[in-house]
Amino acid sequence: MLPTTFGRLDAALAYYVLDRPDIIMVVAEKYEKYAFFRWLVRITNGMFIDRYNADIASIRATLRRLNQGQILTITPEGTRSKSGT
């Protein structure tokens with residue numbers, strides 16, 4: 001199994017493979033507290049989304065951008081079980 005840091009590369013891979021300027025990348029709110037991720041989300045035109053509450057503002061912004069013809073990418077993430085169960 002790969003270390004979890006490699007799991008964060010899938011988002012960058014989407015930008016590389018798709019080679020489009022209009023990618024919608026939603027990022028978990030937990031990364032918003034880090035300056036590097038705030039900067040990265042800003043320059044890639046991404047947005048933070050609250051995973052624990054109904055984030056209606058982010059959903060509306062995503063739908064608005066989809067209606068403009070942009071493309072939504074979803075990268076699989078999740079908490080991993082230390083025991084594998």
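Of all residue pairs spaced 6 or more apart or on separate chains, those with beta-carbon atoms under 9 Å, a first member in the range 52-79 that is part of a helix (DSSP H, G or I) and a second member that is at pLDDT below 90 and of a type in the set (Val, Ile, Thr) are Ser58/Val26; Ala61/Ile24; Thr62/Ile24; Thr62/Val26; Arg65/Ile24; Leu66/Ile24. Could you list, in sequence order, the residues of the range 38-71 that are closer than 23 Å to Leu13 by Cα, aromatic (Phe, Trp, Tyr) and open to solvent by 50 Å² or more (accessible area, probe 1.4 Å)? Listed by number, the list holds a single entry, Trp39.
When the residues of the range 9-37 are filtered to those that are β-branched (Val, Ile, Thr) and open to solvent by less than 50 Å² (accessible area, probe 1.4 Å), the one that is farthest from the chain's Cα centre (by Cα) is Ile23.
The values are calculated or read from the model by the stated rules, or taken from the named source; none is laboratory data. From a predicted model like this one, the values you see are computed outputs, not experimental measurements. Cβ: placed from backbone, ideal geometry, glycine included. Neighbour counts: every protein chain shown. These accessible areas exclude ligands, DNA and RNA; they are computed on the full protein's heavy atoms, side chains included. Shrake-Rupley method; radii C 1.70, N 1.55, O 1.52, S 1.80 Å.
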